[in-house]
Each structure stands twice: as C-alpha cells, then as structure tokens.
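Inspection log for the structure reproduced underneath, given as structure tokens.
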Amino acid sequence: MNDTLAQISSYSVYSAIVVLFLALGFYALYLARVARAGEAEVEAAPERELVAAGGTTSSVGTDEPVGTDEPASTGGHVGTDAATQEPARARKAAGIAWTLTLLGTALVVAAVVTRAVEVARWPLGNMYEFAIVGAMFTLLAYVGWSSRRDLRWLGAFVLAPVLAVLGSAVTVWWTEGSALMPSLRSYWIAIHVTVATMTVAVFTLGAVIGALYLLQDKRETSGGGGGRTAFMSRLPSARALERLSYSAHVVAFPMWTFTVIAGAIWARQAWGSYWNWDPKEVWSFVIWVVYAAYLHARATTGWKRQNAMWIALIGFGCVILNFAVVNVFFVGQHSYSGL
Amino acid sequence: MSATDERTRADLSTQPAPPDGGDGSGSGGGVTLPRLGPGGWLRYAWRQLTSMRTALFLLLLLAVAAIPGSTFPQRSIDAARTAQWITDHPTAGPVLDRLGFFEVYASPWFAAIYLLLFVSLIGCVLPRSRIHWHQLRARPPRAPRRLERLAAHREVETDETPEAVLERLRTTLRGRRYRVHAHDASTLSAEKGYLKESGNLVFHLALIGVLVGVAWGHLLGWKGDVILPVGQTFANTLSRYDTFSPGPWVDVSGLDPFTLRLDRMHVEFESDTTGRGQFGAPRDFDATTTFTDAAGQAREESIRVNHPLETGHGTVFLLGNGYAPHVTVRDADGTVIYSDATPFLPQDNFYTSVGAVKVPGADPDQLGFAGFFLPTGVIDDQRGPHSVFPDTLDPQLALTAFEGQLFPSGAPQSVYTLDTEAMTPVPGKDGADQLRILLRPGQTYDLPGARGSITFDGVERFAGLSIRSDPGKTLTLVSSLLALAGLVLNLVVRRRRVFVRVSAAEGTGRTVVSVGGLAKDDDEGMDDEVDAVLTADEGHR
C-alpha cells in the first residue's frame, strides 16, 4: 500500500517536471512570438507611455494599469487579432502553456497529497518534502494570482525556478518517506513549517518580479527595444513591475515575521528556549532584517527604488542559502537526519 | 528607523523639505559650514543617528554581524566544539576568540549595533508618536489651491448647486470612512488611514518590548541541567544540579522546593532500515515521573519532547537521555565498596557512551575505571569499541582500570572522565601494559592481584532534564505579536487625503466639481479612489 503510494507520488513529481518543462517552453514561445510581432512595430515602448499619459489628466504612469496592460501597451497596432492585439499564434502558445501549468500544478498537488498519505503525517519533515511543497505553493500562488490579472508574461520566469527546485528535489534531496524524530512531532510543524514554505513561495514571486524590474528598468533607461531583450516589451513597465514586486514582499514580510514568532514558540516547547541562535534561527533573523531594510529603503524618499530592490534580492539570496546551505552544512538543531 | 525624515513623510505636506535636512547628502565641495559648538555637534550627532540612512546602515550591519554566529561554533551552544575549533586553528582561533567570534551575540560589537539601532529607533519613533498624536486629533488640512497638481485629480460639471454637491460628497466620504472637514464654504478636506501610522508606531514600540523581554529573561532567568537515572529522585535545590546558570539578578536560594522522581523512561528508535539516515533515529522519548510540589502533593506527570512540565516558576524539559550502567565493585574480601547506576554520556547517534566509575573507598590505592558503554556493542580494530544501534540489543561495558589518587588536587572534576594524572594503569593479567575489561550484564571480572572485582549488574536509562525559568518570555511574546499586528496595519492600511472644490462654471449656471487625491507613498489605487468618490452616486453626475 505505502509502496504504491510512494510510487504514485514519485511518478507525479516526474510527470509534473515534464509537463511544467513543456509549459515553460510554451510560455517562452509566447514571449518570443509577441516580441517578434512587436519588432515589426516601431519602438513599442514610447508609444505605451504616450497612451498611458494621454489617457487621463494625471501625471505619466501613475494610472497605468498593472499587469492588465495589453490593450494600452500594443495600442491597436499591427495585431493580427483585433480582440487582444496579440498575434493569434502567441495567444495559442500562452493558452497551451496555461493548460499545461494547471496540469503540472495538479500533479504536484497530487504528489504532495500521496506523500502525506504514505508517511501518515504532515508532509514537511525533510528537504525533499519542503522542496515539493514549496514548488506547490509557488505554483498555486501563480495560478491563483493569474486568475485576478493577466500574468502570462510571468509564466516562464516562475516555472524556471520551480523546475530547478523540483529537479533538485528528485536528484539531490530525494528522501524516502519515514517517521519524524520526537522534536518534530508537534502540531507546530503544520503551522510553522507550512507558513515558512508559503512565505518562501511568495518571496520567490517577489524576487522574480524584482529581477525583471531591474532588467526592464535598465532596458527603459538605455532605450533599447529590440534584440535579445525584445521579449521584455511584453512585460509591464518597470514602474509597474516594481509595484508588483513590492506588493508580493508586503504579503511575504508579515508572513515571515509570523514564521519566526511561531518558530520561537515551538522552540520553547521542544528545546526549552525560544531563541537559541541556532544557525537556522540566525539566518531567519538575517532574512528578516534584510527584508526590513528593503521596506525601509523603499519607504525612504531619496533612496532609489533600484537600490531598494537589490536589498530585496540579497534577502532572497539569504532565503535560498537558509534552505540549501544552512540545512545541510551547518551544525544545528534544524539539521534533519537524511536531509 | 521607523521611516523617513518626518518632515517629508509624517505629515503629507506638499512642501519641499527644508534645505538643512539632517540626513541630507552631506556638505558640498565649496560650501562653508557654520562652526558648531558642543551642543551643535551633539545635535548633529543625534540627527545623524536618528536619520533613516543611519538606521538602514545599522540594519544591514546587524544582518552581517549576525552571520559569524552561524559559521563559527558558539560557546554558549556547544562549548566542546568551540574549544575543538580553537585547538584545530592555532593561529586564527585565539585571535577570533579575543574578537568575540565564538560568542557573537554577547559580544560588545554586536551589542553596540543593536543598541545604536534601538536608540535610533527611539529617537525616530518618539517624535513621530507626538506628531501622530496631534494629527489624530487635528482636522484634515486646508485644500491646496490647485487640486489638478495632485497625483490624482478629476473634474466634472453638474447641474446641482454647489451646496448640494458638497453635502453629497461629504456623505460619500464619511461613508468611505474619511474624516471630513470644511475649512470654507467651497471646499472639503478629507483624510483617512490614520491606522497606518498607528500600526507603524505600534510595530516599532513593540520591538522595544521584545528587547526588554529578552533582557528581562536574561537578567532574571535561570537554567539548570540534571541527569536523572530511573528510580532516582531529584530535589530542586542548587546542589542537586549538574550545571546551573543563573542570570545576574537571580536569587538562587529561592528555588521552588519540589521533587521529581523518574519512574520510567520509554525510548523508541527506528529499526526500519529503509530511509537514508533513518536507521536508529529517535522516534519517541517519554519520561514518566512523580512530581511532588512544594505543598507535598504528589502526582504522576509525563514529560516528553514538545511536552514539558510546568512546575510553577520553572519548566522541566526532557532534552536528553542515555544509559546508566549499574556497576558494583567489591574489595578482595568481597565487601561492596561501590554500587551505583553510573550515567555514561552518549557521544553519537547510536549512543556510544563514555563515562567513569570512581571508587574512592578502594584500599590501599583508590580505583578508577574509564571507558565506554555500548547499548549494541561492536569492537573492531579500526573504530575501537562503538555502538551500532541506540537501543540495548547487546549492552556491553568496555573499561580500562587505573589506580592511585582520584582527586589529587582536590579541584572539582567531571564525573564522566577520570583524571589520571596521579594514577597508573592497572596492568593486564597477560602482561599487557593496560588491563582491558569487557563486561555484559551479570558478568563479573576479577581484578588482578588483591584488587577485588567489578560487576556489571545491569543497565538503567537516564533522563537528561533541563529546568528553566524565563520570566521575560511573556513580554517578548506579547510584544512580538503586537509588532506583527502593527506591521500588518502599517502595510495594509493606506493613508489618503481627498480634497473637493466646487465653483460655478462660467456662463452655464452649472457647477464644476474638482476632486484631488493625495496618498502617502505611491498608491496605485488613488485614481480609482477619486473616481469612486465622484461616482458613488452615479445618477447625480
């Protein structure tokens, strides 16, 4: 019974990797096709600003719709399909990508659920499980967010890190299902570790969009439109990307604060002291402080948004380090036997 | 640290910041600075410290400074590993030690950073609290003359009279939870989102609470560890602890007079061999105890990992376990000169344990035995005696014997190691330099010469208990939850101002309604907000 479940779980992960890899390909194709159509157009970017600025009496860009910018951005030029102003071939690619993403997400959810049934406990006890659950939350966040705004431009950039995590999960972090050690046997695992994993998913979205913001910003200031970064013309403006990234961080930061508090409460139950400066605690603290610095930097007039975003990206670097390095190489109470 | 320069952010003024901003970008090349007296310098230093730029720098510095505590072993967490690291690195070790790298979180430089950060925080939050207090009771400011200059602005014409429009918009704004005030007959000023700044201030003030709670726990908290074999009773007095570390302000004579007897110790290990690193992993620890409180009331209590026992002023945690082989030593006449359950300390995940049996009553020389207890013992040439499973499948006691003086200097020594400075090894019967004894439960070994015998009677488990008190933890918890609540308010609530001006349109008799919106930070929803205010009652438009 358990062996069957374990196999179903494994097959689900492997199938999800294949499906999501195809989805990634179609999202990339979508961006490429939009970009090629855009190149026929002369310099799409300045047009966009004109459209935005001309729409209302307010200052440039403040009312540019975030993410839902396609009617304004391509402004009724060229488009082979009048309804969306995007080439039909591009729309088709995005549609296939979306369907595949839904399928891949369902497969990852199935993998997590069967794993949970197999081990008969909360499926967050080792790095393999953190990885697949983290990938699941990232996918769910993307899918959920997509239902509220057009995020087809983001698909490729979310699926790439998700695939990297799933790939690492099945190669480096693969761990057979097993019971937990006594200190992990607590309902706090469902609270602390679940929220931590969700938070990492949201931080991932924030960091991906933040990196795109920095690219878009560079592209806008240098005025470059075509060439290898032509696909960026499909993305929202730098300003809109920056706001999107900020809103992801605004969600993630309180969640991380809660993760640390819940961890402290649990640490007191399990280890006798709510804060031990265990390496994992140190890095959770560092992450908290770095993201706090990001929020302050962003709120400070006179600090460039670009510099603030770099701080957030450093914070995400710490998040990755806290998972991939601290768990494995640092001696501490968060070291998990068998990863 | 709470936010930017209060001039530009705490009030939503549209005026530019005064040119002498404390956190300005420093002096330009050719500018002559006024001479500063001592008071001026102090004020300058204070402004620098409480500026956002400094706070940001200190925040990032704090993050960097915390990192060495995770890369170097820390004395407060693992003193043995720290000592080993210093021994292994004879050049860097002592230098880093002097610089505090093995006690990062107690080091002066780490303290300097967070204390400066908190001073900066207080210096920023207190004035802002004052301002916010005044703003909470103040009216929204007068509408600026040119509403079209605000970030969000709409203008419509209507047939209503100016009074009717103002009355309608006043109701709309109130309905949208704005505080509304009319400074004159043709304008409305409205503001909402005061909770944003309230949340911000609560967050930062609560952080001070967290720090105070931590400090309080450090000064008035204590912790003590004790190893308690099954069947033995622990009385909560200072002398019964194996180690005891009180905070500087703790009155150690005032411990709760409770006793705790360990009746049973249930331990379960993973015997399933599948799963990487899982074989032998602990699965369940459960100490069944009899707890007798200060009033003499006895009750059975189970202490497990994640399930500590509250004793009143302290909490008993089950943090370790191991084996205490029961050893009896007799002299040449057969008289018992030592008989006790002797705890051996586990060294690895399979409970290869080290310990010592000290027999001061032996005559003429005192006897000492040191060595290993192996719950499932294997002895091979490469690794020596070691255990291959944590449970007692094949318990063995592997000892060497020494004779001489056990306590030559009279100084306190560890009960788990033998100080062999004033002792000589007991030679083996076969002429070897060192006598080696291997015992299984029930076996007795006759020592060479007239030294008597040693018997391994059997093995008991022990519980490693830690009894701790942290009177600051409630303050820390409540403060951190308050901080979280404040943080959410600060990030979710939007501070917005809406101004309305009505005027007569030229010649038509209609009314021009001009609505401007101003938000703190950039607020992508401000345009929608202005639209929503204007169109709340579409029919009148």
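Roughly to the nearest percent, how much of the accessible area of the protein assembly as shown is carbon and sulfur, given a 1.4 Å probe?
Values: 23980 of 40320 Å².
Its accessible area is 59 percent carbon and sulfur atoms.
With all projection directions averaged, the alpha carbon convex hull of region B:108-206 covers 8.9 nm². Ranking B:T91, A:Y30, B:W41 by how far each Cα lies toward the positive end of the dipole of the protein assembly as shown (charges on Cβ) leaves B:W41 at the top. Extension gain, B:D363 to B:D433: 0.36 nm times the residue separation minus the Cα-Cα distance gives 23.0 nm.
Between their Cα atoms, which of A:K280/B:K196; B:K223/B:K473; A:K218/B:K520; A:K304/B:K520 are more than 20 Å away from each other? Mind showing how you got there, number by number?
Values: A:K280/B:K196 32 Å; B:K223/B:K473 14 Å; A:K218/B:K520 27 Å; A:K304/B:K520 17 Å.
Going by Cα-Cα distance, A:K280/B:K196; A:K218/B:K520 fall outside the 20 Å limit.
Placing unit charges on each Cβ (+1 for Lys and Arg, -1 for Asp and Glu) gives the protein assembly as shown a dipole about its Cα centre, and among B:S271, B:L397, B:A505 the Cα reaching farthest toward its positive end belongs to B:A505.
Of chain B, which part is the longest with no GluC sites (Glu not before Pro) in a loop (DSSP not H, G, I, E, B) and with at most 12 other C-beta atoms within 10 angstrom? In chain B, the maximal stretch lacking such sites is B:1-420. When the Cα positions of B:T233, B:S253, B:A215 are compared along the charge dipole of region B:184-267, B:T233 comes out farthest toward the positive end, with charges on each C-beta of Lys, Arg, Asp and Glu.
Between beta-carbons, use under 15 Å as the cut-off and find the net charge around B:V459, counting Lys and Arg +1, Asp and Glu -1. Spell out each step's value before the answer.
Values: positive: B:R264, B:R440, B:R461; negative: B:D340, B:D391, B:D394, B:D457, B:E460.
Net charge around B:V459: -2.
Take every residue in peptide A:306-313, count the Cβ atoms of other chains within 10 Å of its Cβ, and give the average of those counts. Please list the in-between numbers first.
On the way: counts 0, 0, 1, 0, 0, 4, 0, 0.
If you average over the peptide's residues, the count of other-chain Cβ atoms is 1.
The contact between chain A and chain B removes approximately 4900 Å² from the accessible area (both sides summed; 1.4 Å probe; ligands, DNA and RNA excluded). Ellipticity at 222 nm from helices only: DSSP H runs of n ≥ 4 in the protein assembly as shown, each -39500 (n - 2.57), divided by the residue count, give -15000 deg cm²/dmol.
List the trypsin sites (Lys or Arg not before Pro) within region B:231-333 that fall in a DSSP loop (any state other than H, G, I, E or B) and whose Cβ has at most 14 other Cβ atoms within 10 Å. Intermediate values should be presented prior to the final figure.
Values: sites: B:R240, B:R261, B:R264, B:R276, B:R283, B:R299, B:R304, B:R330; in loops: B:R276.
Counting only loop positions with at most 14 other Cβ atoms within 10 Å, the trypsin sites (Lys or Arg not before Pro) in region B:231-333 are B:R276.
Can you tell me the accessible area per residue over region B:323-408, all protein chains present, probe 1.4 angstrom, in square angstrom?
42
The values are calculated or read from the model by the stated rules, or taken from the named source; none is laboratory data. Small disclaimer: the values here were computed from a predicted structure and weren't measured. Positions of Cβ are generated from backbone atoms using ideal geometry, with glycine treated the same way; all protein chains shown enter the neighbour counts. In case anyone asks, the SASA skips ligands and DNA or RNA and just uses the protein heavy atoms, side chains included. Shrake-Rupley method; radii C 1.70, N 1.55, O 1.52, S 1.80 Å.
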